[in-house]
Amino acid sequence: MIERRAQRILRSSLIVAALAGVLATPASAVDANDSTLQRQRDAFASVWDDVVDGLWPLEPDTARLLQTYPLWPDIVAAHYSASLDSTNTRARQQFMQTHAALAPIKRLRYRIANAAITQGNWQEFGALYDAHYRDANIAAFDCAALAAVLRGDLRWPVARRNALAEKLWLVGTSQDRRCDTPFDVLRRQGFIDDALVEARLQLAIERRRFSLANYLARSLDKSAQASVAVWKRAHQQPEQFLRTHQQDQATTAEMVAHAARRLAVRDAVITRQLWLTASRRFGKRMPDELSGEVLRTIGLAAAQDREPQALQWLLDIPASATDQRVLEWRARAAMQSGDWSRVLQAVAQMAPEFAAQDRWRYWEATALREDGQRAAGDALMTELAKERSYHGYLAADTLDLDYRFNHDPIDVTDAALTAVAKRNDVRRARELLAVGQTDRARRELSDAQRTMNDAELTALAALTHRWDWHPEAIAVLGKLRAYDDLSIRFPLAFDELIRTAAKRDRVPGNWVRGIARTESLFQVDAKSSAGAYGLMQLLPGTAKQQAKTSGVRWRGTQSLFDADTNVRLGSAHLASLYDRFEHTALATAAYNAGAHRVQRWTENVTEMPAEIWIESIAYDETRRYVERVLFAEVVFAWRQGHPITRISQKLPPVGAKQSPVAAVTRLYSAAND
C-alpha cells in the first residue's frame with residue numbers, strides 16, 4: 001500500500017512537470033459553454049479529495065478538461081502542498097510565479113515556509129520570510145526567524161534582531177512556543193533583563209493573564225511575587241477581597257478597583273456598598289479617575305439588572321466618567337421609572353451624532369409627548385415616521401401613519417454585469433461556490449472586492465444575488481451603504497422550506513424569515529463563535545432536544561447544515577419559545593439570548609410597555625436583534641404583498657396578564673404566509 005502510494009506521488013510529480021507549459025498560462029478568461037463547465041465542475045469534485053491526500057488521480061483526458069477551468073491552479077497547488085518532498089521544485093517555483101496573486105498559492109507558500117522550518121532549510125525560509133512574512137505579524141514565523149538568527153542560520157544586523165526580539169517579548173499573553181528557546185538564549189545573554197521582565201509582567205497584569213504574570217514574577221524579587229498573588233485574589237475572589245483586603249504595601253487602588261469591577265457584573269448592590277467603604281479607606285490615595293470608572297461600572301450593571309436605585313447611581317457618576325453609554329442607560333432607567341424629563345436631559349447631553357440616531361429621536365419624541373410637549377413631540381415623530389426603520393415604524397404607529405419602504409433598486413447595466421462576471425477572481429469565487437467550497441469562495445470574493453470601485457461592487461451585488469448567494473449580495477450592499485434595494489437585502493430565500501415549516505408550527509413565516517436573515521443572512525453553512533450552526537443558527541444541544549420533541553431524525557451537528565432540517569428545527573424552536581412566553585418580543589429575545597435570561601429579565605416586571613422592555617434589554621446584541629427581526633418581518637410582508645401587521649400590534653405590555661387564547665390569536669392571525 002505504501003509502495004503504491006509512493007508510485008502515485010512520483011507519477012504525479014512527472015505529470016505536473018510535463019504540464020509546465022500549461023501551468024505557465026492562466027486558465028482561459030472566457031467561460032466554457034454550460035455543458036463543458038458542468039463537466040469541469042464534476043471532474044474537479046471527483047478528484048479534489050484525492051489530490052489533497054497527495055495522490056494524482058487525473059487521467060490525461062481529465063487533466064486536459066480541467067486545464068482551462070478557473071480552479072485548475074487550486075488542483076496543482078493542492079498537489080504540491082500535499083507532496084512537498086517529491087515534486088519538481090523548479091516546476092513548482094514557475095507555477096507559483098505565474099499564479100502568485102491567487103489564494104491557493106498564498107496557502108502553498110505558507111505550507112512551504114513551515115516545511116522549511118521543520119526541515120531546517122533556513123536559506124529557503126529566510127528568503128520567503130523577507131519576501132512575504134517580515135511584516136505579517138505571524139508569531140510562529142517571527143519566532144522561528146529569531147531562533148535562526150540567534151543560532152547563526154540567518155544573518156541579520158543586530159539592530160534588526162533586537163527590534164524583533166523586543167517586539168515578540170513585550171506582549172501580555174503567552175507567546176508562540178517557537179519563541180521559548182530564543183527567549184531562553186536572550187535571558188542568558190542579558191538582553192532580556194529585569195526591566196524587560198517587569199515591563200512584560202505589567203502587560204500580563206493589564207491583560208489579566210495571571211498564570212503568565214506568576215511565571216514572570218518568579219525571576220523577580222518577593223515584592224513582585226506578592227503583588228501578583230494579591231492581583232490573583234482580587235481577580236478570582238473579588239467579594240472576599242473587597243471585604244478583607246488590607247492596605248499593605250502589596251495592595252493598590254488599582255487592585256481594589258479591579259475587584260469592584262469584577263464583582264459589579266454579578267451584584268451591583270453589594271459592590272456599591274463594599275466599594276464606598278474601600279474607597280473611603282483609601283481616601284485621597286484613590287485616584288478620582290479610577291473611582292469614576294468603578295462608579296460607572298456599578299451604575300451600568302445596576303441599570304442592566306433593572307435595580308430601582310440605578311437611575312440615581314447613574315446620576316452620581318462624575319462628568320469625567322460619563323460617556324455615551326452612561327447617557328443611554330440614564331435614559332433607559334428614566335423611561336422605566338416614567339421620569340421623562342430625565343430622558344430628555346440624557347438625550348440633550350448626547351453628542352449630536354448619537355442624538356440624531358433613529359433610536360434617540362424616537363425616545364426624545366416620546367419623552368416630549370409624555371412631558372406635556374405634545375406638539376414638539378408629534379413634529380419629531382412625523383419626521384421620524386418617514387424613515388424605513390424599527391423606530392421609524394414605531395413613530396408611524398404612534399401617529400397612525402403608513403410605513404415608508406423607500407425601495408430603490410440598484411441600477412446595473414448588462415455590460416457592467418458581464419465585465420465583473422469575467423474577472424478571474426469573481427469566476428474563481430463562483431466556481432468555488434459551485435463545487436461546495438463556500439468558505440474559500442467567500443475569501444476569494446473578499447479579496448476581489450479590495451480592488452473594485454463602487455460601480456463594480458454594485459454590479460457584484462446584483463451578480464451574487466442572481467446566483468442566490470444572498471449573504472454576499474447583502475454584505476456588498478452594506479459595504480456600499482446602499483440600503484434601498486430591498487429585493488436584494490431581503491430576499492425570499494428558501495421560500496418553500498420556510499412556508500412549510502411555519503405552517504406546520506403555526507407561526508408567521510415572515511417571523512421565521514426575519515430570524516433566519518438576522519441570524520445568518522441566509523447562509524446555510526454559517527457557524528458562530530458561540531457554536532451555533534446553519535441558517536437559523538441553532539446550538540447542537542437545543543437542536544437535538546427539539547428534534548426529539550418534533551420527531552425529526554437527528555444525525556448530529558452536521559445535519560444542521562442541511563437547510564431543510566435547520567429550518568424545521570428552528571421554526572419549531574421558535575414556536576416553543578412563543579408557547580412559553582406568549583409574546584413575540586420575548587420569544588425573539590429568547591431565541592438569541594436564551595430562555596433563562598429572558599425569564600430573569602421579566603422577573604418582578606409587573607407591567608411595562610414592550611417598547612421600553614426591548615430598549616432596556618441588558619445585552620446590546622439582543623436588543624438590536626429583536627429590533628431587526630421585528631423590522632425584517634414587516635419588510636418581508638411588504639415584499640410579498642401581504643397585509644402589514646403593525647409592530648405595535650405585536651407588542652402587548654410585558655408582564656401584563658393576557659389569556660393564552662388572546663396571545664395565540666394575536667400571533668397566528670399574522671401567519672398568513
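Of all the residues that make up the range 99-135, how many are touching a His at 6+ places or on another chain (Cβ under 7 Å) and buried (at least 20 other Cβ atoms within 10 Å of the Cβ)? Show your work before the answer.
Going through the range 99-135, the residues touching a His at 6+ places or on another chain (Cβ under 7 Å) turn out to be 105, 109.
Cutting the leftovers down to buried (at least 20 other Cβ atoms within 10 Å of the Cβ) gives us 105.
The total comes to 1.
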In the range 489-509, the residues that are closer than 22 Å to R388 by Cα, assigned to a helix (DSSP H, G or I) and open to solvent by 10 Å² or more (accessible area, probe 1.4 Å): R489
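Please tell me if R450 is touching a residue at least 60 places away in the same chain (Cβ under 8 Å), farther than 20 Å from I410 by Cβ, out of contact with any Phe, Trp or Tyr (no Cβ under 7 Å at 6 or more places or on another chain) and among the basic types (K, R).
Numbers: touching a residue at least 60 places away in the same chain (Cβ under 8 Å): no; farther than 20 Å from I410 by Cβ: yes; out of contact with any Phe, Trp or Tyr (no Cβ under 7 Å at 6 or more places or on another chain): yes; among the basic types (K, R): yes.
Against the criterion (touching a residue at least 60 places away in the same chain (Cβ under 8 Å), farther than 20 Å from I410 by Cβ, out of contact with any Phe, Trp or Tyr (no Cβ under 7 Å at 6 or more places or on another chain) and among the basic types (K, R)), R450 does not qualify.
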Qualifying residue in the range 355-365 (condition: under 17 Å from I617 (Cβ atoms) and of a type in the set (S, T, Y)): yes
Residue in the range 649-660 that is under 26 Å from the mean Cα position of the chain (by Cα), surrounded by fewer than 17 Cβ atoms within 10 Å (Cβ to Cβ) and modelled with pLDDT of 95 or more present: no
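Can you find a residue that is acidic (D, E), outside any helix (DSSP H, G or I) and touching an Asp or Glu at 6+ places or on another chain (Cβ under 8 Å) anywhere in the range 465-484?
First, the residues of the range 465-484 that are acidic (D, E): 468, 472, 484.
Right, trim to outside any helix (DSSP H, G or I) and you get 468, 484.
Filter once more, keeping what is touching an Asp or Glu at 6+ places or on another chain (Cβ under 8 Å): 484.
Scanning the range 465-484 turns up at least one residue that is acidic (D, E), outside any helix (DSSP H, G or I) and touching an Asp or Glu at 6+ places or on another chain (Cβ under 8 Å).
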Unmet criterion (only one of (1) under 25 Å from R440 (Cβ atoms); (2) open to solvent by 10 Å² or more (accessible area, probe 1.4 Å); (3) assigned to a helix (DSSP H, G or I)) for R568: (1)
Selection count, the range 339-387, where residues are more than 22 Å from R325 (Cβ to Cβ), of a type outside the set (D, E) and open to solvent by 30 Å² or more (accessible area, probe 1.4 Å): 10
Selection from the range 243-263 of residues that are at pLDDT 85 or above and either under 36 Å from the mean Cα position of the chain (by Cα) or hydrophobic (A, V, I, L, M, F, W, C) (or both): A253, E254, M255, V256, A257, H258, A259, A260, R261, R262, L263
Count of the range 152-201 residues which are exposed (fewer than 13 other Cβ atoms within 10 Å of the Cβ), among the basic types (K, R) and part of a helix (DSSP H, G or I): 3
Selected residue [in contact with a Ser or Thr (Cβ under 8 Å, 6 or more places away or on another chain) and more than 23 Å from E289 (Cα to Cα)] from R209, R218, R261: R209
Filter pass, R330 being in contact with a Ser or Thr (Cβ under 9 Å, 6 or more places away or on another chain), in a helix (DSSP H, G or I), of a type in the set (D, E, K, R) and buried (at least 19 other Cβ atoms within 10 Å of the Cβ): yes
Residues that are out of contact with any helix residue (DSSP H, G or I) (no Cβ under 6 Å at 6 or more places or on another chain) and assigned to a helix (DSSP H, G or I), drawn from the range 516-546: A516, E519, S520, G541, T542, K544, Q545
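Among what's in the range 453-499 and is of a type in the set (A, V, I, L, M, F, W, C) and without any contact (Cβ under 8 Å) to a residue 40 or more places away in the chain, pick the residue that is farthest from T413 (Cα to Cα).
Here is the first cut: in the range 453-499, the ones of a type in the set (A, V, I, L, M, F, W, C) are 455, 457, 459-463, 467, 469, 473-477, 480, 482, 486, 488, 490, 492-494, 497-498.
Keeping just the survivors that are without any contact (Cβ under 8 Å) to a residue 40 or more places away in the chain gives 455, 457, 467, 469, 473, 476, 480, 493.
Values: A455: 10, L457: 13, W467: 17, W469: 20, A473: 17, V476: 17, L480: 17, A493: 24 Å.
Per the stated criteria, the residue is A493.
With the structure loaded, tell me whether L399 is surrounded by fewer than 20 Cβ atoms within 10 Å (Cβ to Cβ), of a type in the set (A, V, I, L, M) and in contact with a Ser or Thr (Cβ under 8 Å, 6 or more places away or on another chain) or whether it fails that test.
Working: surrounded by fewer than 20 Cβ atoms within 10 Å (Cβ to Cβ): yes; of a type in the set (A, V, I, L, M): yes; in contact with a Ser or Thr (Cβ under 8 Å, 6 or more places away or on another chain): yes.
Yes: the conditions hold for L399.
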Every residue from the range 590-642 that is part of a helix (DSSP H, G or I), open to solvent by 20 Å² or more (accessible area, probe 1.4 Å) and within 26 Å of A334 (Cβ to Cβ): N592, R597, Q599, R600, T602, E611, D620, E621, R624, R628, F631
The range 297-322: number of residues that are within 19 Å of Q349 (Cβ to Cβ), under 33 Å from the mean Cα position of the chain (by Cα), open to solvent by less than 60 Å² (accessible area, probe 1.4 Å) and not β-branched (V, I, T): 8
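The values are calculated or read from the model by the stated rules, or taken from the named source; none is laboratory data. Here the structure is a predicted model, which means the values were calculated and not measured. We place every Cβ from the backbone using ideal geometry, glycine too, and count neighbours over all the protein chains shown. Please note that ligands, DNA and RNA were not included when accessible areas were found on the heavy atoms of the full protein model with its side chains. Shrake-Rupley method; radii C 1.70, N 1.55, O 1.52, S 1.80 Å.
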